[in-house]
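Scroll down for the structure; my scribbles are underneath it.
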Amino acid sequence: MIPHARDFASRASGTTSTARDLTSRASGTTSTARDLTSGARETTSSTHAMTSSTRAMTSGARDTTFSTPDPATGPRPPLPLPLRFAYGTNGFARHSLEEALRIIADIGYEGVSLTLARHHLDPYAPDAPARVARLARLLDRLGLAVVVETGDPHLLDPSRPHLPGLLCDHGSDARSDLISRAVRVADALGADTVHVTSGSAPDGMDQDAALDRLAAPLRRLLATAQTYGITLALEPEPEMFLNGVDRFLALRTRLDEHPLLRLTLDVGHAHCSEPRPLQACVELALPHLAHVQIEDMVRGVHRHLPFGTGEIDFPPVLHALAEGGHRGLVSVEIQDGSADAARTATRSLAFLKEAARVRETA
């Protein structure tokens, strides 16, 4: 477990209050929930005033009004697709989080995928509640929508990447605790989506047993998420148990199609390891999408590449997302770009905007 892994926040047992509190309280109290931090409601009121409109635009909000022009009307000038591009803070590992957010906004992104990490936002730090309140105000001023991510490989164990996971024989409670903290962080930031991964299954465990084991903690986490109105968006990862859309759909069936269990589709991962072609994978994922991650990649090689250096044909992917009604964030994830983060982020946005203007010519 993490040193000083104190509860980021707890909700009073039995209370019906909707007030949100990131500070700890004694279990079972029925007193009225205090504010996130003293005076935080006054100083972050504009952030929470944005929340309802932000949430209407993001997870699961599928707009079917966009369509391509009728070919019978003749060619039209290419128009930008109604997609909202974001950039991942894990691609700014050499910057402070505040520096990264300002650069991302200045470049022209509409959102950010904020990864909980020791060097950026540590949910176990004693000053985490105050830090989150300050970040909420900064995100508000910058006009950035946000998704909270839990994929930092070394946050829980500095020596073993992505461990413990939800499927581990020992330590899975630490992963559940991290996701619960992420839900409360998301709520305080005005986000509506938390990114989650499964981790690896123990050696020798078959698929049905692994799905059953994974469903158990997720059922409890979904109850927590429902308290705050936060979506849990599972991402298929090539080296993890939940490594494709098919297993996500099987898991969702076990969890009774819970409306707050949705999908993070990583376009590069889908090209890298899904059994079906990328475009078919996007179509299968669309009804369940809350969040999209995007980067270039080579088939069979799990390495996040700058756009134009892999194999992916992006205009058809972006068209499918837009025409399929995805209105959540489409977040660039190029972790290896941190050495020249601002330039990588600038080139990425220019590439995506150009790709989003290209019309299919079928």
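Any read-out appearing in this document is the output of simple, stated calculations on the displayed coordinates, not a laboratory observation. This one's a predicted model, so the numbers in the text were calculated from it and none came from an experiment. As a convention, Cβ positions derive from the backbone with ideal geometry for all residues, glycine included, and neighbour counts pool all protein chains shown.
Between ASP208 and ARG134, what FRET efficiency comes out of the Förster formula 1/(1 + (r/R0)^6) with R0 = 35 Å and r the beta carbon distance, rounded to 0.05?
Numbers: r = 46 Å, r/R0 = 1.31.
My answer for the efficiency is 0.15.
Contact order normalised by length for segment 73-156, with contacts defined as Cα pairs under 8 Å and 6 or more residues apart; what percent is it? Working shown, then result.
On the way: 88 pairs, mean separation 27.1, N = 84.
Computed value for segment 73-156: 32 percent relative contact order.
Pull out the extension gain between ASP127 and LEU142, defined as 0.36 nm times the separation in residues minus the alpha carbon to alpha carbon distance; nm, one decimal.
On the way: separation 15, 0.36 × 15 = 5.40 nm, distance 2.25 nm.
Additional length available on full extension: 3.1 nm.
If I stretch the segment between ASP169 and ALA339 completely, what's the gain in nm (0.36 nm per residue apart, minus their alpha carbon distance), one decimal?
On the way: separation 170, 0.36 × 170 = 61.20 nm, distance 3.69 nm.
The ASP169-ALA339 span can extend by a further 57.5 nm.
How large is the dipole of segment 224-360 about the Cα centre if only Lys and Arg carry +1 and Asp and Glu carry -1, each at its Cβ, rounded to the nearest 20 debye?
Working: 13 positive and 19 negative charges, 54 e Å.
The calculated dipole for segment 224-360 is roughly 260 debye.
Want the number for SER159 to GLU323: 0.36 nm per residue separation, take away the alpha-carbon distance, what's left? Don't jump to the answer; show the numbers that get you there.
Values: separation 164, 0.36 × 164 = 59.04 nm, distance 4.31 nm.
Contour length minus Cα-Cα distance gives 54.7 nm.
Segment 251-279 to segment 286-351: how many Å between their Cα centroids?
After rounding, the separation between the Cα centres reads 16 Å.
Over segment 300-358, calculate the relative contact order: mean separation of alpha carbon pairs under 8 Å at least 6 apart, over the residue count, as a percent.
Details: 22 pairs, mean separation 34.0, N = 59.
Relative contact order for segment 300-358 comes out at 58 percent.
Could you work out the relative contact order of segment 230-285, using alpha carbon pairs under 8 angstrom and six or more residues apart, expressed as a whole percent?
Values: 59 pairs, mean separation 22.5, N = 56.
Relative CO of segment 230-285 lands at 40 percent.
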